[in-house]
Amino acid sequence: MRTPAASRLARAALILAAGSLADRRGRRQLLIAACLGLPVPAALSAFLNDPIWLFTAEILDGAASGIIGVAVPVVVTDLTWGSGRTQTALGTVNAVRGAGGALSAWHGGLAQGWLGWSGAFLALGAVGIGAPVLVGWLAAATEESASPRRRNRRA
């Protein structure tokens, strides 16, 4: 029993709170936290058959995707502010996200055929483990270069 409505409700609730949370806690830290939450629903779905836990997995999935939906454009805008390339960067990021969504269905179907349902959830969750690693690396790599722009913008 999977309920997409639970995912949508969690996403809607977190979208409303994510903006102020990003301003208080930091945008990149919020994005890393949301990416850390991506593999958890996959692991829950792989190992548990109880409808309560699957419902919980849907809520966690919706919460992570809601935060990512708010944090990614803000982080990209922060990184490209003043360069004249903000819209190009946002378009590129969204194109990569769309390609990832399309490849996710292919990857999940292929994994399900070879490994079964539990293996498919674990295979998709394994790809999700790379997200916080990549975001953390990009955050560390761009922290120095973004500092002067922030100082100039505030002045």
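Here the condition is being touching a residue at least 24 places away in the same chain (Cβ under 8 Å), in contact with a Leu (Cβ under 7 Å, 6 or more places away or on another chain) and either surrounded by fewer than 19 Cβ atoms within 10 Å (Cβ to Cβ) or not basic (K, R) (or both); of A126, A57, A71, it holds for A71 alone.
For the residues L110, L115, L122, the requirement of being more than 21 Å from G136 (Cα to Cα), within 18 Å of the chain's Cα centre (by Cα) and modelled with pLDDT of 85 or more singles out L122.
Here's the yes/no breakdown for (1) closer than 23 Å to A139 by Cβ; (2) touching a residue at least 60 places away in the same chain (Cβ under 8 Å):
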residue	(1), (2)
L36	yes, yes
P39	yes, yes
T80	yes, no
G84	yes, no
L103	no, no
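The one condition from (1) within 20 Å of G128 (Cβ to Cβ); (2) more than 17 Å from the chain's Cα centre (by Cα) that L79 does not meet is (1).
Sort out which residues of the range 7-29 are of a type outside the set (A, V, I, L, M, F, W, C) and free of Cβ contacts under 8 Å to residues at least 12 places away in the same chain, and write them in order of number. Selection gives S20, D23, R24, R25, G26, Q29. For the range 73-109, a residue qualifies if it is assigned to a loop (DSSP other than H, G, I, E, B) and either closer than 28 Å to L122 by Cβ or not polar (S, T, N, Q) (or both), and the qualifying residues are W81, G82, G84, R85. Taking the criterion of being surrounded by fewer than 18 Cβ atoms within 10 Å (Cβ to Cβ) and over 13 Å from I68 (Cβ atoms), the residues of the range 1-18 that qualify are M1, R2, T3, P4, A5, R8, L9, A12, A13, L16, A17. Restricting the search to helices (runs of 4 or more DSSP H) fully inside the range 1-71 and requiring at least 1 residues that are among the polar types (S, T, N, Q), within 16 Å of the chain's Cα centre (by Cα) and modelled with pLDDT under 85 gives 4-25, 27-36.
The values are calculated or read from the model by the stated rules, or taken from the named source; none is laboratory data. These numbers were taken from a predicted model, which means no experiment stands behind them. Every residue, glycine as well, gets a Cβ built from its backbone with ideal geometry; the counts of neighbours run over all protein chains shown.
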